[in-house]
Amino acid sequence: MEELCQPNRTTVDIKISSVETMNIGSRDIVGAYLDDPEIGDETERYCLLVRGWCISRSSPLERIQLFYGNNCIADVAPFNRPDVQYAVPGEPFALRSGFSISVSTLCLPACGTLSLWAKLSSGIRAQIGRIELATRIPLLNHPDHLKPLILFSVGRSGSTALMKLLTAHPEISGHMPYPLETRFAQHSYHAMRIASSFATSYAEDMMTSFTARRPMLGPNPSFGYFNDLDGFFHQTYAPGLIERHMEMIDAFYRAQKLPGEQKPRFFAEKSTQDSYVISVLDKIDGARRIMLMRDPRDIMVSIRKFNQQTGYLSFGAERVNSFAEHAELIRASIEWHLEAAGWEDERSIFLKYEDMIADWTDTATKLFGLLGIADDEDTVDQAVRVIHAEKGGEVRHTTSSSTSDSIGRWINDLEPEEKEICAVIFDDLLEKMGYNKYH
């Protein structure tokens, strides 16, 4: 406990190099301003505070969103700014114009640009700001901790089978019960994100973290905030909880291996479609990613067959009204996973479902070799045997009579008009992933 109370055990730096507002005086935006951050700001907080106001013109301000690339890392509702209304009394939407965003440093890039957007009640979105920053964050890493091995894939791409192969290796741990979708580490990453997103007691990020949906650590924002809390939260609370969560992740996955078994080096989890996970992984030395790809047309068929077998809609089918809408949804999900997995990152491993099921032994040998773990014949054979030891609950998961029949099934199972829809929606994506557009 004494160690946790020592200030500045780790140093986190955020440096702001550029702050810019835009679309001022446009058709939809009267004006916008950033109170925080300012150019040249340097802080050792565990979060970035973005605070200001935006007066909309054409319809009321509904949300303020902060993006890094295509990923929305914060989405907040506006609040009343009487001072702004007083300054521009003639504008009907001036009162509810304030915003305050607190973003955990765990969600920020090492170096990059954030974009700030206003979403109006009419549905119109307008960019109102841009922030360039650099961050320096100590690696969330202990030399003896297991390294994360995160599997990215769209549903019905064979991720459960690949997880079985990975966790059958003595140097990879995982929570084994079917369907291997326990995400203890990613649950902990979320908790770390919330713990470190405390900018001030004024901007406490409780709206997305506690059921009560109200701040609990600070006073009414109309009367300022407790400055004396900041040092405790950024020097003791955030680093202490982050360190403890990392220890618990390691302990959880070590406990999944039996006593006497070889000590693992990695733990494996299926990914969640959350952008903060990507940012956290970028800050962990030795973290690896695997992207499992499958022909999206076969994914569409597999989802349909699975839903017919189970008697309910899932894998996005419950959210759409047509085949075309579902195909658009699957495309967007694939694109997100490709970007998240690090399409151009040499540390990422990309694998095709079709190659995997065609030769499990070759897949295992290459995969284990790329991960730098044992890839000898005995280890590979042991892992592959686990794949073929099918168990009761998994039969319900399959939708084809054999694994070979699951390849190219779209050719016979999709209707002509559905094939045309896929040709349009998946056109360039098929080429990018290395699939033939016609067969």
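The values are calculated or read from the model by the stated rules, or taken from the named source; none is laboratory data. Model, not experiment: these values are computed from the prediction. Neighbour counts run over all protein chains shown; Cβ positions are idealised from the backbone, glycine included.
When the range 256-283 is filtered for residues that are touching a strand residue (DSSP E or B) at 6+ places or on another chain (Cβ under 6 Å) and part of a loop (DSSP other than H, G, I, E, B), the ones remaining, listed by number, are Gln256, Lys257, Pro264, Ser271. Within the range 355-370, residues that are farther than 20 Å from Ile150 by Cβ reach partners that are modelled with pLDDT of 95 or more and among the acidic types (Asp, Glu) with beta carbons closer than 6 Å, at six or more positions or on different chains, in the pairs Thr365/Asp375. When we screen Phe266, Phe233 for residues that are more than 18 Å from the chain's Cα centre (by Cα) and modelled with pLDDT of 90 or more, the only hit is Phe266. Only one entry of Glu243, Glu171 meets the criterion of being charged (D, E, K, R) and modelled with pLDDT under 95, and that entry is Glu243.
Only a single criterion out of (1) closer than 19 Å to Gly434 by Cα; (2) in contact (Cβ under 8 Å) with a residue 60 or more places away in the chain; (3) surrounded by fewer than 18 Cβ atoms within 10 Å (Cβ to Cβ) is not satisfied by Met300, namely (3). Determine whether Ser279 is surrounded by fewer than 19 Cβ atoms within 10 Å (Cβ to Cβ) and out of contact with any His (no Cβ under 7 Å at 6 or more places or on another chain). Taking the combined requirement at face value, the residue does not satisfy it. Considered as a group, the residues in the range 224-254 that are among the aliphatic types (A, V, I, L, M) and surrounded by fewer than 20 Cβ atoms within 10 Å (Cβ to Cβ) include one that is farthest from Tyr46 (Cα to Cα), and that residue is Ala251.
Given the criteria in a helix (DSSP H, G or I), out of contact with any Phe, Trp or Tyr (no Cβ under 7 Å at 6 or more places or on another chain) and modelled with pLDDT under 95, does Val386 qualify? Full working, then the answer.
Values: in a helix (DSSP H, G or I): yes; out of contact with any Phe, Trp or Tyr (no Cβ under 7 Å at 6 or more places or on another chain): yes; modelled with pLDDT under 95: yes.
Yes.
Selection within the range 164-185: residues that are of a type in the set (Ser, Thr, Tyr), in contact with a His (Cβ under 9 Å, 6 or more places away or on another chain) and more than 21 Å from Thr361 (Cβ to Cβ). The member of this set that is surrounded by the fewest Cβ atoms within 10 Å (Cβ to Cβ) is Tyr178.
With respect to (1) surrounded by fewer than 18 Cβ atoms within 10 Å (Cβ to Cβ); (2) at pLDDT below 95; (3) in contact with a Ser or Thr (Cβ under 9 Å, 6 or more places away or on another chain); (4) not basic (Lys, Arg), the lone exception for Ile124 is condition (2). Taken together, Ser314, Ser302 contain a single residue that is within 24 Å of Phe426 (Cα to Cα) and part of a helix (DSSP H, G or I), which is Ser302. Of all residues in the range 317-347, those satisfying the criterion of being at pLDDT 95 or above and not in a helix (DSSP H, G or I) are Val320, Asn321, Ser322.
Among the conditions (1) modelled with pLDDT of 85 or more; (2) under 25 Å from Ala374 (Cα atoms); (3) surrounded by fewer than 23 Cβ atoms within 10 Å (Cβ to Cβ); (4) out of contact with any Ser or Thr (no Cβ under 7 Å at 6 or more places or on another chain), Lys257 misses just one, which is (4).
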